[in-house]
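The values are calculated or read from the model by the stated rules, or taken from the named source; none is laboratory data. Since this is a predicted model, take the numbers as computed values, not measurements. Virtual Cβ from ideal backbone geometry, glycine too; neighbours counted across all protein chains shown.
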Amino acid sequence: MWVGGARAVILDGSGRVLLVRQRHESRDIWMAPGGAIEEGENAAQAAVREVMEETGLDVEIKALLWHVEEVSEKRGQRFVNFFLAELSGGELKLGEDPEREEGGQVLAEARFMSKEEINSLEAVYPEYLKGELWDILKNRSCGRDTFKIRRDF
């Protein structure tokens, strides 16, 4: 059975991308804000809700950047839709994951980062934030290769 997720790539007025740092098993991973698609919502609605929960920001979905599928023995069948979103309100603050208890939160930081800052990070999800995203933004085109298969590492 497939499990679905949604994440939003959000730029500020200086062209920096909003990332959240999550701490998993003593490892930091920087990623676009987002999470699971809940019952009764579509992927775009899930991305908007998750951004609000994790960062306190309101966004509007503008385009689909990537649809990433993963079939893994360890994690099962999953897909994540990555959307390009535009800020529409709110104030940046670190939120929390309502599905996790107070002592089990994984969100550690939220901030806008430049291309150079992102490229210097050890762990970034998805890896397309380090290269392909900037080509898409430069060429003002989405959908060149939106369908991705993520390999089980």
Please list, ordered by first then second residue, the pairs with beta carbon atoms under 8 Å, 6 or more apart or interchain, first in the range 101-121 and closer than 19 Å to E50 by Cβ, second assigned to a helix (DSSP H, G or I) and at pLDDT 95 or above.
-> L107/E54; A110/E54; A110/T55
Could you tell me whether E70 is assigned to a strand (DSSP E or B), closer than 17 Å to L133 by Cβ, out of contact with any helix residue (DSSP H, G or I) (no Cβ under 6 Å at 6 or more places or on another chain) and among the charged types (D, E, K, R)?
-> no
Near pairs, Cβ below 7 angstrom, 6+ apart or cross-chain, from the range 47-70 (within 19 Å of G95 (Cβ to Cβ)) to any residue that is assigned to a strand (DSSP E or B) and among the aromatic types (F, W, Y) | A47/F83; I61/F83
Meets criteria (at pLDDT 95 or above, among the β-branched types (V, I, T) and closer than 21 Å to E122 by Cβ) for V59 = no
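Out of everything in the range 19-36 that is part of a loop (DSSP other than H, G, I, E, B) and touching a residue at least 60 places away in the same chain (Cβ under 8 Å), what residue ends up being nearest to E117 (Cα to Cα)?
Of everything passing the filter in the range 19-36, A32 is nearest to E117 (Cα to Cα).
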Looking at E39, is it surrounded by 19 or more Cβ atoms within 10 Å (Cβ to Cβ), of a type outside the set (V, I, T) and outside any strand (DSSP E or B)?
-> no
Given (1) without any contact (Cβ under 8 Å) to a residue 60 or more places away in the chain; (2) within 19 Å of K138 (Cα to Cα), where does R16 come up short, assuming only one miss?
-> (1)
Return the residue satisfying two criteria in turn: it lies in the range 104-145 and is among the β-branched types (V, I, T) and either at pLDDT below 90 or surrounded by fewer than 17 Cβ atoms within 10 Å (Cβ to Cβ) (or both), and of such residues it is nearest to the chain's Cα centre (by Cα).
-> V106
Selection status of R7, touching a Leu at 6+ places or on another chain (Cβ under 8 Å) and either more than 19 Å from A123 (Cα to Cα) or part of a strand (DSSP E or B) (or both) = no
Is there a residue in the range 48-55 that is surrounded by fewer than 17 Cβ atoms within 10 Å (Cβ to Cβ), modelled with pLDDT under 95 and either more than 14 Å from the chain's Cα centre (by Cα) or of a type in the set (A, V, I, L, M, F, W, C) (or both)?
-> no
Residue list for the range 19-40, filter: among the charged types (D, E, K, R) and farther than 27 Å from L137 by Cβ = R23, E25, R27, E38, E39
Matching residues in the range 13-34 - criterion: being surrounded by 14 or more Cβ atoms within 10 Å (Cβ to Cβ) and modelled with pLDDT of 95 or more = R16, V17, L18, L19, V20, R21, W30, M31, A32, P33, G34
